[in-house]
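**Student:** Here it is, the structure, as structure tokens.
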Amino acid sequence: MNTFHSINKIVYGAGAVSECGALAKSLGASRAFLITDPSLEKLGLHKGAMESLEKAGVPCGLFAEAELEPSAASIERIAKEALAFKAELIIGLGGGSALDSAKAACVLMTNPAPIEQYFGVNKVPQACMPTIMIPTTAGTGSEMTSISVLSDKASGAKLGVVSDYMFAKAVLLDPELTIGLPPHVTSTTGIDAFVHAMESFVGRAATSFTDAQNIQAMQLVAKSIRRAYVDGGNIQARADMLYASALAGIGFGNTQNGIIHAVGTAVPRSYNLPHGLLMACLAPMGMEYNIMANPEKYARIAVILGEEEYGDTLELARRAPGRMCDLLEDLDIKIGLAPYGVKREDLPGIAERAAASARLMGNNPRPGTAKQLLALLEAHH
Ligand SMILES: [Fe+2]
């Protein structure tokens with residue numbers, strides 16, 4: 001038995017933020033509260049949505065101090081301000097952190113604080129305040145998922161609140177909001193989206209419903225990431241990347257990720273390596289490790305990345321990592337952890353934490369013990 005979750009309403013296209021007011025009204029809201037981060041406020045990226053709400057006669061409060069790694073305290077503050085504003089709808093606008101802040105704040109608007117008591121899966125008792133999610137980067141796919149990742153002050157760890165109540169009521173995808181992303185952010189977050197789709201596609205929990213989203217997500221990234229990287233103003237390439245990220249979000253939101261996320265998120269945070277960059281530099285290694293466990297799907301990935309579809313399936317599958325390396329080279333991304341200064345003595349710890357990540361390795365097509373993952377990391381260092 002399977003369940004497939006998606007988002008009810010997706011409004012998309014260049015200039016889609018101008019629909020924000022009408023969309024809020026269609027959800028029955030007469031007052032809204034928009035959450036974004038300070039850098040986006042400075043760029044004025046929130047203005048289109050705010051103006052549209054005003055035009056539609058929906059007063060909108062603004063909280064522009066979403067934290068990079070949101071703390072429980074910041075979530076409580078947002079919920080308090082939104083309640084004081086008598087908001088009936090929360091709008092998250094930004095990258096993963098602003099969206100995660102919005103998702104967690106909507107929990108505390110209808111459920112008592114502190115947010116820590118809801119860490120884990122489906123522990124939120126009451127339905128949350130409705131939300132609209134508006135991403136300004138193409139990569140995390142956070143707008144499509146029901147998870148909010150927060151940093152736990154006590155342990156310093158990142159913990160997630162996951163609840164079906166946290167799915168957005170609507171998602172607004174406007175590629176114009178992503179035009180200003182610098183090339184290295186475009187490339188690394190874009191590869192993160194590809195990796196979401198790929199890990200979901202080859203994973204144990206994959207179904208026909210997730211395959212449909214993931215294949216299209218990978219095709220869009222393969223088609224447009226080079227163009228988006230060299231010509232950030234190309235609105236069609238930007239649209240492809242934004243839609244790919246959302247499609248992949250639906251994919252992995254239903255299945256979980258795999259070995260690339262397990263290893264990448266196990267790299268010590270002291271190295272300060274962005275998530276997308278880690279996913280990119282580890283992608284060929286993860287693909288090589290997994291091929292034998294699911295050659296048909298890696299053959300499909302090889303074709304999506306540019307191989308011609310003929311000959312032996314396993315042969316074709318084995319060409320997929322090479323094609324990924326070619327793509328990374330075009331995007332000026334070096335392969336492996338060594339080029340980024342990760343020391344050999346950190347590899348055992350990385351392997352151990354990755355192997356212990358049951359949520360991620362549980363979906364990976366090939367199991368991996370700490371010993372196996374260490375051998376893999378050392379061979380690629
Ligand atoms: Fe990711």
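**Student:** Could you state the angle between the C-alpha long axis of helix 72-84 and the longest principal axis of the C-alpha atoms of the chain, as a value from 0 to 90 degrees rounded to the nearest 10?
**Tutor:** Once rounded, the angle reads 30 degrees.
**Student:** Please state the shape class of the range 32-98: rounded when a/c is under 1.5, otherwise prolate if a/b exceeds b/c and oblate if not, all from the C-alpha gyration tensor.
**Tutor:** It comes out oblate by the Cα gyration axes.
**Student:** Which is farthest toward the positive dipole end of the chain among ALA338, SER245, GLY306, measuring Cα position about the Cα centre, with Cβ charges +1 (Lys, Arg) and -1 (Asp, Glu)?
**Tutor:** SER245
**Student:** Pull out the extension gain between GLU296 and SER26, defined as 0.36 nm times the separation in residues minus the alpha carbon to alpha carbon distance; nm, one decimal.
**Tutor:** Additional length available on full extension: 92.8 nm.
**Student:** Next question, about the same structure. How high is the relative contact order of the range 210-342, in percent, with contacts defined as C-alpha pairs under 8 Å that are six or more residues apart?
**Tutor:** That works out to 23 percent.
**Student:** What does the C-alpha gyration tensor say about the overall shape of the chain? Classify as rounded when a/c is under 1.5, otherwise prolate if a/b is larger than b/c, or oblate.
**Tutor:** Cα axes put the chain in the prolate bin.
**Student:** If you don't mind, another one. Using the count of nearby Cβ atoms within 10 Å as a rough guide to exposure, how do HIS184, HIS380, HIS261, HIS196 rank from fewest to most? The partial results should precede the final answer.
**Tutor:** Working: HIS184 15, HIS380 18, HIS261 27, HIS196 34.
Sorted ascending by nearby Cβ count, the order is HIS184, HIS380, HIS261, HIS196.
**Student:** Continuing with this model, one more query. Roughly speaking, what is the centre-to-centre gap between the range 241-279 and the range 30-96 when only Cα atoms are used, to the nearest Å?
**Tutor:** Each part reduced to its Cα centre gives a spacing of 25 Å.
**Student:** Under a Cβ-only charge scheme (Lys and Arg +1, Asp and Glu -1), can you give me the dipole magnitude of the range 183-379 about the Cα centre, in debye to the nearest 20?
**Tutor:** 480 debye
**Student:** OK, next. With a 10 Å radius around each residue's Cβ, average the other Cβ atoms per peptide and rank 96-108, 3-15, 313-325, highest first.
**Tutor:** Numbers: 96-108: 28.6, 3-15: 14.1, 313-325: 19.1.
Top to bottom by mean Cβ count within 10 Å: 96-108, 313-325, 3-15.
**Student:** How large is the charge dipole for the range 180-281, taken about the Cα centre, if only the Cβ atoms of Lys, Arg (+1) and Asp, Glu (-1) carry charge, to the nearest 20 debye?
**Tutor:** Here the range 180-281 has a charge dipole of around 100 debye.
**Student:** Do the alpha carbons of any pairs in LYS42/LYS169; LYS25/LYS169; LYS9/LYS103; LYS25/LYS86; LYS103/LYS123; LYS47/LYS80 sit beyond 20 Å of each other, and which pairs?
**Tutor:** LYS42/LYS169; LYS47/LYS80
**Student:** How big is the dipole moment of the chain about its Cα centre under a simple scheme where the beta carbon of each Lys and Arg is +1, that of each Asp and Glu is -1, and everything else is neutral? Debye, nearest 20, please.
**Tutor:** Result for the chain is approximately 620 debye, rounded to the nearest 20.
**Student:** Can you list the cysteines of the chain that have no other Cys Cβ under 4.7 Å away?
**Tutor:** That list is CYS20, CYS60, CYS281, CYS325.
**Student:** Output the antiparallel fraction of DSSP beta bridges having both residues in the chain, as a percent to the nearest 5.
**Tutor:** DSSP beta bridges in the chain are roughly 20 percent antiparallel.
**Student:** For the range 237-369, rounded, prolate or oblate, judged on the Cα gyration tensor with a ≥ b ≥ c (square roots of eigenvalues), a/c < 1.5 rounded, else prolate if a/b > b/c? Please report the intermediate quantities before stating the final value.
**Tutor:** Working: a/c = 1.45, a/b = 1.34, b/c = 1.08.
Note, shape of the range 237-369 comes out rounded.
**Student:** What lysines sit close enough to LYS334 to cross-link, taking a C-alpha to C-alpha distance under 18 Å and skipping anything fewer than 8 places away on the same chain?
**Tutor:** Once the sequence-local lysines are set aside, what remains near LYS334 is LYS343.
**Student:** Further question: Less than 11 Å Cβ to Cβ from VAL17, Lys/Arg counted +1 and Asp/Glu -1: what total charge do the surrounding residues give?
**Tutor:** Combined, the nearby Lys, Arg, Asp and Glu give -3.
**Student:** Ratio of alpha-carbon Rg to the 2.2 N^0.38 Å globular estimate for the range 61-180, to two decimals, please.
**Tutor:** The range 61-180 yields a ratio of 0.97.
**Student:** Relative contact order for the chain: what is it in percent, counting Cα pairs under 8 Å that are at least 6 residues apart?
**Tutor:** This gives 14 percent for the chain.
**Student:** Further, regarding this structure: Could you rank the peptides 186-192, 58-64 by their average count of other C-beta atoms within 10 Å per residue, with the highest value first?
**Tutor:** Highest to lowest by the protection proxy: 186-192, 58-64.
**Student:** So, in nm, how far is label SER151 from label GLN117 when the simple model puts each one 7 Å beyond its Cα toward the Cβ?
**Tutor:** Going from the SER151 label point to the GLN117 one covers 2.6 nm.
**Student:** Once you keep just the Cα pairs under 8 angstrom separated by 6 or more residues, what percentage relative contact order results for the range 1-134? List each step's numbers first, then the result.
**Tutor:** On the way: 217 pairs, mean separation 33.2, N = 134.
Value for the range 1-134: 25 percent.
**Student:** Efficiency by 1/(1 + (r/R0)^6): what FRET value for LEU314 and ASN2, r their Cβ-Cβ distance, R0 = 35 Å, to the nearest 0.05?
**Tutor:** Efficiency computed from Cβ-Cβ geometry: 0.80.
**Student:** Within 11 Å, Cβ to Cβ, of LYS47, how many net charges do the neighbouring residues add up to if Lys/Arg are +1 and Asp/Glu are -1?
**Tutor:** Spelling it out: positives minus negatives among the neighbours equals -3.
**Student:** I'd like the distance between the alpha-carbon centres of the range 330-352 and the range 142-174, rounded to an integer number of Å.
**Tutor:** 27 Å
We did not get these values from a lab; they are worked out from the coordinates using the rules stated. As the structure is a computational prediction, the values presented were derived from the model and not from experiment. Quick reminder, even Gly has a Cβ in these numbers, built from the backbone with ideal geometry, and neighbours come from all protein chains shown.
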